[in-house]
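Colleague: Take this structure, written in structure tokens, and hold onto it; I'll ask about it next.
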Amino acid sequence: MNKNILKVGNLIANPGEKVQGHLTLKVDKNHEDIKIPVTLINGQEEGKTVAITAAVHGGEYTGVFGLIKLSREIKPQDLKGKLILVHIANVSAFESKMQYIGPIDGKNLNRCFPGNKNGTHTEQLAHLISKEVYGQSDFFLDLHSGDIHEDLMPFTLYHRDASEEVRAQSRKIGELMNLGPVIGSGSDCGSINGMAMKYNIPGVLAELGCRGECNVDQAILYKERILNVLYYYGLLDGEVDVPKAEDVDYVHCMYCLDSDIDGLWYPSYNAGDEVSENQSVGYITDYFGNILKEFYSPVTGRVLYNTTSLAIRNGDPLVSFISNVNNCTCCVNYGLSESHKKDNI
């Protein structure tokens with residue numbers, strides 16, 4: 001196929017074209033085929049190919065709205081390169097208003113990459129997106145926000161265990177997004193972000209917005225920060241805002257505190273609040289209000305995100321912390337030990 005043609009599934013965009021349609025995932029006889037909304041924008045001039053995804057989790061909406069605004073604004077004649085915009089990656093979870101997992105097999109899409117073409121529904125979906133979208137991209141942006149049950153502070157996450165070049169480029173993308181802390185993750189849990197390490201593709205997982213809200217101002221901010229990245233890499237003409245290194249909030253310790261019991265969760269702090277090591281951050285009661293367990297911060301740092309739902313099950317995430325204190329009791333090797341490599345994003 002002509003290298004100047006942009007093809008995703010059965011969608012084809014020739015140079016100078018914008019095409020919208022669906023990437024189809026065929027499901028078993030008990031379910032309808034899943035149609036994933038995609039916009040392809042093929043510039044008239046050559047350049048990088050960039051993949052941008054939203055709604056990998058069904059209850060995260062800010063990226064969906066921001067990507068719609070971006071897709072309507074960019075014109076092929078202004079673009080140098082190619083854009084693959086996946087408006088809603090996890091359609092079945094999105095339509096079911098589900099947090100974390102999908103309704104067909106109960107799996108978390110952001111734990112299934114690069115996927116399995118012969119696996120369950122979510123594993124097949126991860127394989128399709130890996131092959132058709134990320135497999136032909138030079139770098140990626142994966143747009144998240146706080147799910148229906150999450151409060152969070154904006155941030156970007158890159159994979160610090162990727163190759164030196166990929167790590168540097170991913171970190172640069174995080175800086176250009178300029179949403180908040182730029183966090184180096186050591187997690188290899190099957191997330192899109194882990195593909196940067198596995199397939200040598202720079203990229204970041206971004207977070208903006210929370211509690212399942214679709215905020216117009218935040219969607220516009222997402223769009224503007226994506227444009228800043230595209231300006232920097234020459235896909236569009238525009239003035240680039242490059243933050244000074246001393247103004248970037250670099251973080252290399254991320255720790256997630258999970259529940260080990262069922263019950264009702266009462267957090268003591270909000271996203272962005274500062275906490276000290278061994279400080280109480282919340283407790284779980286039974287359904288009669290009797291305290292079953294209190295939870296404490298493992299680090300001196302900040303609350304990155306916080307579960308806001310009252311209902312909690314064994315294994316659910318409660319609070320995530322960030323810190324640059326490398327001598328905290330839970331952390332080694334840039335502040336993240338092997339047992340903590342599970343970012344829950």
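Colleague: About the Cα centre, and with charges only on the beta carbon of Lys, Arg (+1) and Asp, Glu (-1), how big is the dipole of the range 228-308? Nearest 20 debye, please.
Modeller: Values: 3 positive and 14 negative charges, 38 e Å.
The calculation lands at about 180 debye.
Colleague: While we're looking at this one, here's another question. Quick one: Karplus J couplings for the range 100-117, per residue in order, coefficients 6.51, -1.76, 1.60, θ = phi - 60°, nearest Hz, x for Gly and Pro?
Modeller: With coefficients 6.51, -1.76 and 1.60, one gets 6, 9, x, x, 7, 10, x, 10, 8, 4, 7, 10, 10, 6, x, x, 8, 5 Hz.
Colleague: Here is a follow-up. Per 0.36 nm of contour for each residue apart, how much would the distance between Lys35 and Ser280 grow if the chain were fully extended, relative to their Cα-Cα spacing? Don't skip to the end; give the middle numbers.
Modeller: On the way: separation 245, 0.36 × 245 = 88.20 nm, distance 4.53 nm.
Net length gain for the segment: 83.7 nm.
Colleague: Please report the antiparallel percentage of DSSP beta bridges with both residues in the range 153-284, rounded to the nearest 5.
Modeller: On the way: 6 of 12 bridges.
Here the antiparallel bridges make up roughly 50 percent for the range 153-284.
Colleague: Right, something else. Taking a ≥ b ≥ c as the square roots of the eigenvalues of the Cα gyration tensor of the range 71-214, is the shape rounded (a/c under 1.5), prolate (a/b larger than b/c) or oblate? Write out the running numbers ahead of the final one.
Modeller: Values: a/c = 1.26, a/b = 1.19, b/c = 1.05.
Note, shape of the range 71-214 comes out rounded.
Colleague: Counting only heavy atoms of protein chains, what accessible area per residue, in Å², does the range 103-147 have with a probe of 1.4 Å? Could the numbers behind the result be given before it?
Modeller: Details: 1480 Å² over 45 residues.
On a per-residue basis, 33 Å².
Colleague: Under a 5 Å amide H to amide H cut-off, with H placed in plane at 1.01 Å, what residues pair with His144 once short-range neighbours are removed?
Modeller: Under 5 Å from the amide H of His144: Ala206, Glu207, Leu208.
Colleague: Quick one: which residues, 5 or more positions from Val275 or on another chain, have an amide H under 5 Å from its amide H? H modelled 1.01 Å from N in the peptide plane, none for Pro or chain starts.
Modeller: Gly301, Arg302, Val303
Colleague: Relative contact order of the chain, please, whole-number percent, based on alpha carbon pairs below 8 angstrom and at least 6 residues apart. Before the final figure, lay out the partial values.
Modeller: Working: 882 pairs, mean separation 49.6, N = 345.
Computed over the chain, the figure is 14 percent.
Colleague: Further question on the same structure: Can you pull the percent of the chain's accessible area that's carbon plus sulfur, 1.4 Å probe, other chains left in place?
Modeller: Working: 6640 of 14690 Å².
Roughly 45 percent of what the probe reaches on the chain is carbon or sulfur.
Colleague: Measure off 7 Å from each Cα along the Cα-to-Cβ vector at Glu45 and Phe288, then give the distance between these two points in nanometres to one decimal.
Modeller: Result: 7.3 nm between the two label points.
Colleague: With a 1.4 Å probe and every protein chain left in place, tell me how much accessible area Thr300 has, in Å² to the nearest 10.
Modeller: Approximately 60 Å² for this residue.
Colleague: How big is the gap, in Å, between the Cα center of the range 1-26 and the Cα center of the range 46-78?
Modeller: If you average the Cα positions of each part, the centres end up 15 Å apart.
Colleague: Quick one: which residues, 5 or more positions from Tyr250 or on another chain, have an amide H under 5 Å from its amide H? H modelled 1.01 Å from N in the peptide plane, none for Pro or chain starts.
Modeller: Answer set, sorted by chain and number: Val182.
Colleague: Calculate one ³J(HN,Hα) per residue across the range 48-57 by plugging θ = phi - 60° into the Karplus curve 6.51 cos²θ - 1.76 cosθ + 1.60, and present them in order as whole Hz with x for glycine and proline.
Modeller: 6, 9, 10, 9, 10, 10, 9, 6, 5, 10
Colleague: Mind listing the phi-derived Karplus ³J(HN,Hα) values for the range 264-276, rounded to whole Hz, using 6.51, -1.76 and 1.60 with θ = phi - 60°, and x for any glycine or proline?
Modeller: 10, 9, 10, x, 9, 9, 9, 4, x, 5, 8, 9, 10
Colleague: Turning to a different aspect of this structure: Leaving out ligands and nucleic acids, note down the accessible area per residue over the range 217-282 with a 1.4 angstrom probe, in whole Å². Mind showing how you got there, number by number?
Modeller: Numbers: 3210 Å² over 66 residues.
Value for the range 217-282: 49 Å² per residue.
Colleague: Nearest 0.05, what FRET efficiency do Asn4 and Ser309 give at R0 = 41 Å with Cβ-Cβ as r?
Modeller: Working: r = 48 Å, r/R0 = 1.18.
About 0.25, to the nearest 0.05.
Colleague: About its Cα centre, what dipole magnitude does the chain give when the only charges are +1 on Lys and Arg Cβ and -1 on Asp and Glu Cβ, stated in debye to the nearest 20? Display every interim value, and only then the final one.
Modeller: Working: 31 positive and 44 negative charges, 231 e Å.
Approximately 1120 debye in magnitude.
Colleague: Same structure, new question: Just want to confirm a number: the relative contact order over the range 135-252, from Cα pairs under 8 angstrom separated by 6+ residues, in percent.
Modeller: Numbers: 213 pairs, mean separation 41.9, N = 118.
Relative contact order, the range 135-252: 35 percent.
The values are calculated or read from the model by the stated rules, or taken from the named source; none is laboratory data. The model shown is predicted, which means the values in this text are computed figures rather than measured ones. When we count neighbours, we look across all protein chains shown, and the Cβ atoms used for this are built from the backbone with ideal geometry, even at glycine. For the accessible areas, the whole protein counts, side chains as well, though only heavy atoms, and no ligand, DNA or RNA atoms are used. Shrake-Rupley method; radii C 1.70, N 1.55, O 1.52, S 1.80 Å.
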